[in-house]
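S.K.: Pasting in a structure now, in structure tokens, and then I'll have a few things to ask.
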Amino acid sequence: SRPDPIFGRHRKKSPPPAMGDTKKKPSQMVAFFSGAVSGATEISVTMPLDTIKTQMQLNPKHGLTGTVQNVLAQKGPAGFYFGYSAMLSQVALKAAIRFWAYEQSKNALETWMHPVDDRNKINAISGVFAGVVEAAVWVTPTERLKIMRQREINSLNPRFNSLIGSVGIVVREQGVGSLFVGFPATAVRQGMAMGIRFALYDELKVMIAGQGNKPSPYQLLAAGCATGTISSLVNQPIDTAKSRLQAQDKGSIPRYKGLVNCIATMSREEGPLALYRGSLPRVARLTIGQGIIFASYDTIRELLTKALG
């Protein structure tokens, strides 16, 4: 055993990472590009589930079946990809920022923490850091625009017709700060989710592939899916509250005054289960989506790192 650099206590050494996890560290551009491609792939597959989830959170009177029927009645099958261009840019750049920030934090922490014995701790801390960074830089404003756009799905004359046009309308009418409505909730959601996902992913790869074995693409997919399921169930109430907060217009008298107030008000007025509204499509989307993102990222990163020498 060896002393823990943070808590000072002795503990047994952690098992070595799965084969393939000790390869050459990816460059900043490789991490960024691999993240962008994996994010674009993920949202292209899972956007219908995200649309259903958001509509269920914004329209409490509709259940899963009613939401699907409403989207089809208003926009047809294309309605499930309502705002796709904005979502594609949002998710692709979000994943790029996430993996770039994660790799930077991980590399820095490994210079003063043990890269094997402290692997879980490094992964968790780096995941939280990546989640907060992506929330501050990109996720909050783009999620705000997504919510406002999807709020108009029943409108015959929607105002938010494009990403650039939506930015102009929001900034002109409500100010630049309105793009960051819901930032605390978004930062908590992203930091918690990424901390859980990155902490679990390496462990799950070892469990699925076996100690010392290189995980296959299908095993990477399975490990990623499991992280998506677990993290989405843990932070579902925060995601629901975030959607409600970001649907409010800045400058008007808000119904919800913050994350804690929103959760408390929803629990009191609609019951605790209201916080899990939209959880079925969200869990399905994140289970599939995180499997795609992690498996794609690992595969693309490995190929690019080899190709670039």
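The values are calculated or read from the model by the stated rules, or taken from the named source; none is laboratory data. Since we're looking at a predicted model, the values are computed, not measured. As a convention, Cβ positions derive from the backbone with ideal geometry for all residues, glycine included, and neighbour counts pool all protein chains shown. When the accessible area is computed, the model is the full protein with side chains, heavy atoms only, and any ligands, DNA or RNA have been set aside. Shrake-Rupley method; radii C 1.70, N 1.55, O 1.52, S 1.80 Å.
S.K.: May I ask you to list the residues in segment 77-135 that are among the aliphatic types (A, V, I, L, M) and free of Cβ contacts under 8 Å to residues at least 40 places away in the same chain?
M.R.: Result: 78, 101, 108, 109, 122, 133.
S.K.: Hey, could you check segment 213-252 for residues that are open to solvent by less than 20 Å² (accessible area, probe 1.4 Å) and farther than 30 Å from residue 160 by Cβ and say which is farthest from the chain's Cα centre (by Cα)?
M.R.: Selected residue: 215.
S.K.: Using the structure shown, decide if residue 243 is of a type in the set (S, T, N, Q) and either within 19 Å of residue 127 (Cβ to Cβ) or part of a helix (DSSP H, G or I) (or both).
M.R.: On the way: of a type in the set (S, T, N, Q): yes; either within 19 Å of residue 127 (Cβ to Cβ) or part of a helix (DSSP H, G or I) (or both): yes.
So residue 243 passes the test.
S.K.: Another one. Anything in segment 186-230 that is charged (D, E, K, R) and in contact with a Ser or Thr (Cβ under 8 Å, 6 or more places away or on another chain)? List them, or say none.
M.R.: Here is the first cut: in segment 186-230, the residues charged (D, E, K, R) are 189, 197, 202-203, 205, 214.
Passing the criteria: only 197.
S.K.: Report, ordered by the first and then the second residue, all pairs with beta carbons closer than 6 Å, sequence separation of six or more or different chains, a first member in segment 165-189 that is of a type in the set (Ser, Thr, Tyr), and a second member that is open to solvent by 30 Å² or more (accessible area, probe 1.4 Å).
M.R.: Here the result reads 178/250, each pair linking segment 165-189 to a residue that is open to solvent by 30 Å² or more (accessible area, probe 1.4 Å).
S.K.: Keeping to segment 149-187, report how many residues are open to solvent by 70 Å² or more (accessible area, probe 1.4 Å) and β-branched (Val, Ile, Thr).
M.R.: 2
S.K.: Can you tell me which of (1) outside any loop (DSSP other than H, G, I, E, B); (2) more than 16 Å from the chain's Cα centre (by Cα) is the one residue 60 doesn't meet?
M.R.: Going through the list (1) outside any loop (DSSP other than H, G, I, E, B); (2) more than 16 Å from the chain's Cα centre (by Cα), residue 60 breaks only (1).
S.K.: Kindly indicate which of 274, 247 is of a type in the set (Gly, Ala, Ser), in contact with a Leu (Cβ under 7 Å, 6 or more places away or on another chain) and on the phi < 0 side of the Ramachandran plot. Show your work before the answer.
M.R.: Details: 274 fails: in contact with a Leu (Cβ under 7 Å, 6 or more places away or on another chain).
The unique qualifying residue is 247.
S.K.: Against the condition open to solvent by less than 60 Å² (accessible area, probe 1.4 Å), assigned to a helix (DSSP H, G or I), free of Cβ contacts under 8 Å to residues at least 60 places away in the same chain and not β-branched (Val, Ile, Thr), how does residue 266 come out, does it pass? First the steps, then the outcome.
M.R.: Working: open to solvent by less than 60 Å² (accessible area, probe 1.4 Å): yes; assigned to a helix (DSSP H, G or I): yes; free of Cβ contacts under 8 Å to residues at least 60 places away in the same chain: yes; not β-branched (Val, Ile, Thr): yes.
Yes: the conditions hold for residue 266.
S.K.: If you don't mind, there's one more thing I want to ask. Please verify whether segment 190-201 includes one or more residues that are over 30 Å from residue 146 (Cα atoms), at pLDDT 90 or above and either open to solvent by 50 Å² or more (accessible area, probe 1.4 Å) or in a helix (DSSP H, G or I) (or both). Spell out how you get there, then give the answer.
M.R.: Residues of segment 190-201 that are over 30 Å from residue 146 (Cα atoms), as a first pass: none.
No, segment 190-201 has no match at all.
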